Amino acid sequence: MTLLVFVASLLGAMALGMPVAFALLVSSLVMMQFTGGIDPQTVALQMINAADSFALLAIPFFLLAGEAMSAGGLSRRLVAFALALVGHRRGGLGYVAIIAAVLLSSLSGSAVADTAALASVLMPMMRRAGYDTGRAAGLMAAGGIIGPVIPPSIAFIVFGVAGNVSITSLFLAGVAPGLLMGAALAVTWSFVARKEKVEMLPRATWRETAAALRDGLLALGLPVIIVLGLKFGIFTPTEAGVVAAVYALAVGIFGYRELALSAVPHVLVSAIRTTASVMLLVAAASVSAYLIAIADIPAEMRALLAPFEGSRTTLLVAMMVLVLVAGTALDLIPTILILTPVLMPIVRSAGIDPVYFGVLFVMNTSIGLITPPVGTVLNVASAVGRVPLGRVTVAVLPFLASQVAVLFALVFVPELVTVPLRWLR
């Protein structure tokens, strides 16, 4: 009954148009009243304790790094490098978008930021070359959701804090699945692109490719520094955020000289605004997580999932379907904050590796970003690419199917996650 009260009050508040953070607080107060009376002091203490986390310090630094990369020319150079590599192939600009999406994912960790960067640079080029704009925007939206899976990932940081899971292990475990998502998109595009009758771009010469690589080396250096630093224990994920922010600012200001000192305050303000919205969500969700534990909602959820507990794989499939359904209505961070405290006790009691589950969970919530009716990344691709949302929603379906296929491949073959993780560790 408590689970029903929580879900009904949360969805009711959201249906009234209330922002998710405030809807979480409202549902928490309703659940608190239902279980014994409202205590404002508990609400305040839980919100403060949730925000007072060293691990969460990584979020503002990685967000700052993403803003600095966009303003400092790092993102544009990665696209230019991908263009020199595969731009001449049939459907070449689509492959450019996929390669650039993977490279950008290793820099920012934000699906929205990556999609906006891809669409702003590549959509005008694809429109001029004669590509179907709906299909192009759908591809960029599907490429953008790789961002939360390949490190650095804000979603992994939030999940690690909410589920008490090693963020370093989550970062390292996300590398192989993120690359698989990119490979699945490339295979899907190879079939979809046959319908495209477009202008073929000239093949870049070896000198032009070498020049693009040389120009992008500073940008390509950041993911290498982060992964190697985490692998060899040189810094923690939080310290990696500081390294990424300082590196991105230094390269933008002194390396490429595209980020003027006068623009730095604007970059800082943009990162602060995004950080504030994420941290308010984290603080509000902590109250819900506390009450979920007090009301023993995980036990209610476990009772609902009991028919599937005979097999770990069957249980994982059931949980992944649950998260997929939730992702159609909720954004990435709220889904993580709401479902993590509910599902993690079940995961641990079933003997499932929390890091492995975290990768599946975050990948699943990322897929939710391109599933209607909410589909935050679909809206970004539509707005930045200037394509009607309906066309983008239809065009993204083949790419959505390929990403779901990768998700369930990881469910049935855990070694696709665990073996690369053991090597990276």
When the convex hull of its Cα atoms is projected in every direction, mean area for the range 209-340 (nm²):
12.9
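Taking all pairs of different Cα atoms in the chain, averaging 1/r and flipping that mean, what Kirkwood radius in angstroms comes out? Don't skip to the answer; put the middle values down first.
Values: mean 1/r = 0.0455 Å⁻¹.
Its Kirkwood hydrodynamic radius stands at 22.0 Å.
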The range 187-236: trypsin sites (Lys or Arg not before Pro) in DSSP coil with no more than 16 other Cβ atoms inside 10 Å:
LYS197, ARG203
The summed charge of the SER120 Cβ neighbourhood (under 13 Å; Lys/Arg +1, Asp/Glu -1) stands at +2
Rg and Dmax in Å for the range 327-385, alpha carbons only: what are they?
13.5, 46
Quick check on the range 146-231: what are the equivalent-ellipsoid semi-axes from the Cα gyration tensor, as sqrt(5λ), descending, whole Å?
32, 21, 9
For a quick protection proxy, order the peptides 110-121, 43-54 by their average other-Cβ count within 10 Å, most packed first.
110-121, 43-54
About its Cα centre, the range 300-425 carries a charge dipole, from +1 on Lys and Arg Cβ atoms and -1 on Asp and Glu Cβ atoms, whose size in debye to the nearest 20 is 220
Can you give me the Kirkwood hydrodynamic radius for the range 308-359, using every pair of distinct Cα atoms, in Å to one decimal?
11.4
With only Lys, Arg, Asp and Glu charged, each at its Cβ (+1 for the first two, -1 for the last two), find how big the charge dipole of the chain is about the Cα centre; round to the nearest 20 debye.
1440
Using the eigenvalues of the Cα gyration tensor, what equivalent ellipsoid semi-axes result for the range 194-255 when each is taken as the square root of five times the eigenvalue, whole Å, largest first?
33, 16, 12
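Can you give the net charge of the other residues whose Cβ lies under 13 Å from the Cβ of LEU103, counting K and R as +1 and D and E as -1? List each step's numbers first, then the result.
Details: positive: ARG76, ARG77; negative: ASP114.
Around LEU103, the charge tally is +1.
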Among PRO124, VAL396, TYR256 - extreme Cα towards positive end, dipole of the chain, charges at beta-carbon:
PRO124
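Compute the convex hull volume of the Cα atoms of the range 276-392, divide it by the residue count, and report the result per residue in Å³ as a whole number. Provide the component values of the computation, followed by the final result.
Values: hull volume 13.2 nm³, N = 117.
It comes to 113 Å³ per residue, whole-number rounded.
Any read-out appearing in this document is the output of simple, stated calculations on the displayed coordinates, not a laboratory observation. All values reported here derive from a predicted model rather than from experimental measurement. Neighbour counts run over all protein chains shown; Cβ positions are idealised from the backbone, glycine included.
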